[in-house]
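Notes for the one structure printed next.
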Amino acid sequence: MECEFPKCQDWTPLAVHPKMLRIMSLVVSLMIVGPTLSRNEEWLMTMAKFVEGIFIAGWELKKYSQFVRPLISRGLVPGVRGILQLIKNMWTRFVRSIGLQGLSIRV
């Protein structure tokens, strides 16, 4: 936490949104892939895009009724399409790093 929010003696302006995205990416990555890959900067940037994409897709899906959401959530909404593409990219790029070569993903 101190590497993201360093100590300072006086008032320091801070952009909170990017810092919170990074912290959320670190925490989720640590839980999902472990300490080694969770410190990889490329992985963290991808996770930050993923976390931000989840929020955007959620807001986009709220425009539709609950009855229609399951039908359109498989890629008809641009935000959801972006998340699905990120998942595919994350899987193909990083799966070898965490030793899950035998598993497959269906998106």
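The values are calculated or read from the model by the stated rules, or taken from the named source; none is laboratory data. All figures in this text were calculated on a predicted structure; none of them were measured in a lab. When we count neighbours, we look across all protein chains shown, and the Cβ atoms used for this are built from the backbone with ideal geometry, even at glycine.
How many of the residues making up region 48-65 are free of Cβ contacts under 8 Å to residues at least 24 places away in the same chain and not polar (S, T, N, Q)?
Looking only at that region, the number is 8.
Condition first: modelled with pLDDT of 85 or more and in a loop (DSSP other than H, G, I, E, B). Now tell me which residues in region 55-78 satisfy that.
Lys62, Lys63, Tyr64, Ser65, Gln66, Phe67, Val68
Among the residues of region 34-44, are any at pLDDT below 85, part of a loop (DSSP other than H, G, I, E, B) and surrounded by fewer than 10 Cβ atoms within 10 Å (Cβ to Cβ)?
Yes, that holds for at least one residue.
Does region 9-33 hold any residues that are part of a helix (DSSP H, G or I), among the charged types (D, E, K, R) and surrounded by fewer than 16 Cβ atoms within 10 Å (Cβ to Cβ), and which are they?
At the first step, the residues of region 9-33 found to be part of a helix (DSSP H, G or I) are 16-33.
Narrowing the set further to residues that are among the charged types (D, E, K, R) leaves 19, 22.
Passing the criteria: only Lys19.
Only one of Arg106, Arg93, Arg81 is modelled with pLDDT of 70 or more, basic (Lys, Arg) and over 17 Å from Thr36 (Cβ atoms). Can you tell me which?
Working: Arg106 fails: modelled with pLDDT of 70 or more; Arg93 fails: over 17 Å from Thr36 (Cβ atoms).
Going through Arg106, Arg93, Arg81 in turn, just one is modelled with pLDDT of 70 or more, basic (Lys, Arg) and over 17 Å from Thr36 (Cβ atoms): Arg81.
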